[in-house]
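The values are calculated or read from the model by the stated rules, or taken from the named source; none is laboratory data. All figures in this text were calculated on a predicted structure; none of them were measured in a lab. Virtual Cβ from ideal backbone geometry, glycine too; neighbours counted across all protein chains shown. Heads up: the accessible areas ignore ligands, DNA and RNA and are worked out on the full protein's heavy atoms, side chains in. Shrake-Rupley method; radii C 1.70, N 1.55, O 1.52, S 1.80 Å.
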Amino acid sequence: TLKDAPGPFAIVEGVAQYDVSNYEDCGRILPATGTAGRITSQEPVTLHKVSENEYRGTFYLDRMLDEDYYGRGACVWTLTGVGAMLRATTSKADTRFLTLVDKEQVEAEKQLTRFYPRADYPRIAEIPGYGASGQDDPTRYHADLRNALFSSTTTVQKLVP
């Protein structure tokens, strides 16, 4: 849910990140180091516009299949977080407004609000493609900016059949 956004967003994308928790025991051995590399996957989450300032998407805790990929034992996948990226237009020069809800927040069904300077929309001329992570506390911004912020609130809810 967006509040006081400085304008529309042409790009609104979601992602769920999954990591293998036991990659040392099951992953492919990298010849250069003799160790197993980290195994991760970012899966798209379609965000549907449900009102002028609200988007919804569905992700799955168990989307990735635990499997023996490299003949070293079953790799165990776990959701590590879900995120969203918003951009004013399709231009890669526009600021990417980013939000990430980590695994613990997902499990607690915790609401996460991030605050961003309105001046960063649609882009910062000196920093094309800037990735703005925002702040969870508006008082962390300089006093002159506090009245010129917009927010993104992400709420996670379990869907029970």
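Okay, here's what the table says:
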quantity	calculated
Single residue of THR113, THR35 found to be buried (at least 16 other Cβ atoms within 10 Å of the Cβ) and of a type in the set (S, T, N, Q)	THR113
Tally of residues being part of a strand (DSSP E or B) and among the hydroxyl-bearing types (Ser, Thr, Tyr) across the stretch 114-161	5
Condition broken by ALA32, with the remaining ones in (1) hydrophobic (A, V, I, L, M, F, W, C); (2) within 22 Å of the chain's Cα centre (by Cα); (3) over 23 Å from LEU159 (Cα atoms) satisfied	(2)
Identity of the residue in the stretch 38-70, without any contact (Cβ under 8 Å) to a residue 40 or more places away in the chain, open to solvent by 100 Å² or more (accessible area, probe 1.4 Å) and among the charged types (D, E, K, R), that ends up farthest from GLY81 (Cα to Cα)	GLU52
Answer residue from the stretch 137-152, given it is of a type in the set (S, T, N, Q) and under 15 Å from PHE9 (Cβ atoms) and is surrounded by the fewest Cβ atoms within 10 Å (Cβ to Cβ) among those	SER151
Flag if ARG56 is more than 12 Å from the chain's Cα centre (by Cα), of a type in the set (D, E, K, R) and more than 30 Å from GLY129 (Cβ to Cβ)	no
Qualifying residue in the stretch 121-136 (condition: of a type outside the set (D, E, K, R), farther than 21 Å from THR1 by Cα and open to solvent by less than 40 Å² (accessible area, probe 1.4 Å))	yes
Residue, surrounded by the fewest Cβ atoms within 10 Å (Cβ to Cβ), within the stretch 5-28, restricted to residues that are more than 18 Å from THR78 (Cα to Cα) and in contact with a Ser or Thr (Cβ under 7 Å, 6 or more places away or on another chain)	ALA10
All strands (runs of 3 or more DSSP E) inside the stretch 1-108 with 2 or more residues being small (Gly, Ala, Ser)	11-20, 77-87
So ARG96, is it modelled with pLDDT of 95 or more, within 23 Å of THR155 (Cβ to Cβ) and open to solvent by 70 Å² or more (accessible area, probe 1.4 Å)	yes
Filter result for SER91 (in contact (Cβ under 8 Å) with a residue 12 or more places away in the chain, within 15 Å of PHE150 (Cα to Cα) and either under 12 Å from the mean Cα position of the chain (by Cα) or open to solvent by 30 Å² or more (accessible area, probe 1.4 Å) (or both))	no
